[in-house]
Amino acid sequence: MAFKDGHFPACALPLKSLLVFSQCPFEIMRLVVVLAVLMGVSGIPDVTISPPTASADTSAHPNSIPETADESEQMEGAEEDVMATGELNPNHYPARRAAQVVQHYLNTRYGSPFRLIGVQTVHSGNAEDVTDSRRKYQLELSVNDIISNTTQTCSAELSFTKGKGQQPPEVKASCEELLKIDIKAQEEALYQKYKTSQTLMSAQYLPDSHGHIKPDMEPFWHLGILASSFIMLNESTENTLYNVAQVANITQLTTEEDHLEFDCHTLLHEMVSQEIIHWKMLFTWSPAEGVKVLQMKRLPHRHEREKSPKTN
């Protein structure tokens, strides 16, 4: 969902944008919105996808995480040899894909309803085979807290397993400068508001088909992105590029514990295959412990459900 000025559109991450640090044309984002509907959740209890209107407004949400590649660049990168070794072109697919994995990692480590991290620029990168079954990437990049508009340059190292028995990537990166922005008061206010409320929060279609999110729902859009970052980090390989398209549904659950608990249905956009993937999650959040994903389940595509054998 590309937005103006490099931000995401309707079905993207808000901040209404997808979580890719490239610039994507409006047409692609519109396509994502339509795909999110066509790949919708028919047959899944209590979850529906808001259909976009013909005149959907794809203007950017001010807190959108920008994409970095347009459609032609994306195709060029997808065709590029991801097994290249030595110095990498920072603008090409292998370096951008590795940087996107670093972004997911940083959001799982530093993310908050009031802190959302996106990769701004890849300055340099190297790749090498360290063993027959593992490849290592080293990157120099700039990352940006989208909400406070704070930028920091940092180094990252990540490695992927190859062949059978592929495991989630291992990532080492630190961006402590981003923690200097004090968000404790905002976090505590959000926590107390919904911990003491007599009504449980519930929202759908973040963002909606016009790319809009109500201001009081933005923290929950961010929480959906942060929880999805655990999935995207876990699912990433050298051949993927994941981003959040939409939080289709997020519902607060009753709990006696010292955290907020949520049931969430999210749509992920795998940019290489252009596939929209549905996931259900159960996760918690508190100012003290951050986001913790308790359960995650990939939902079958509609055609897969139709092919499933019927049982009595």
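Points to keep in mind about this one:
- With distances taken between every two different alpha-carbon atoms, segment 87-157 has a Kirkwood hydrodynamic radius of 12.6 Å.
- Heavy-atom surface analysis with a 1.4 Å probe gives segment 132-212 a carbon and sulfur content of 47 percent of its accessible area.
- Nearest-0.05 FRET efficiency for ALA189 and ASN89, computed from C-beta distance (R0 45 Å): 0.50
- Under the simplified labelling scheme, the GLU157-SER133 pair shows an inter-label distance of 2.1 nm, with each label point 7 Å from Cα along Cα→Cβ.
- Cross-link pairs exceeding 28 Å in C-alpha to C-alpha distance, out of LYS136/LYS184; LYS180/LYS280; LYS180/LYS297; LYS136/LYS164, comprise LYS136/LYS184; LYS180/LYS280; LYS180/LYS297.
- Computed with a 1.4 Å probe on the full set of protein chains, the accessible area for ASP182 sits at about 120 Å².
- Area of LYS297 that stays accessible when all protein chains are in place (1.4 Å probe, Å², to 10): 130
- Averaged per residue, segment 129-256 has 46 square angstrom of accessible surface, using a 1.4 angstrom probe with ligands and nucleic acids left out.
- Across segment 122-224, C-alpha contacts under 8 Å between residues 6 or more apart give a mean separation that, scaled by the residue count, equals a relative contact order of 15 percent.
- Rolled with a 1.4 Å probe across the full set of protein chains, the surface gives MET217 an accessible area near 30 Å².
- Counting only protein chain heavy atoms and rolling a 1.4 Å probe, the accessible areas of SER202, SER148 rank, largest first, as SER202, SER148.
- Counting only protein chain heavy atoms and rolling a 1.4 Å probe, the accessible areas of HIS222, HIS210 rank, largest first, as HIS210, HIS222.
- With a Förster radius of 30 Å applied to the beta-carbon distance between GLN198 and GLU176, the computed FRET efficiency rounds to 0.15.
- Using alpha carbons only: equivalent-ellipsoid semi-axes of segment 184-272, gyration tensor based, whole Å: 26, 15, 11
- Taking the centroid of alpha carbons for each part, segment 137-159 and segment 227-280 are 21 Å apart.
The values are calculated or read from the model by the stated rules, or taken from the named source; none is laboratory data. These numbers come from a predicted model, not from an experiment. When we count neighbours, we look across all protein chains shown, and the Cβ atoms used for this are built from the backbone with ideal geometry, even at glycine. Heads up: the accessible areas ignore ligands, DNA and RNA and are worked out on the full protein's heavy atoms, side chains in. Shrake-Rupley method; radii C 1.70, N 1.55, O 1.52, S 1.80 Å.
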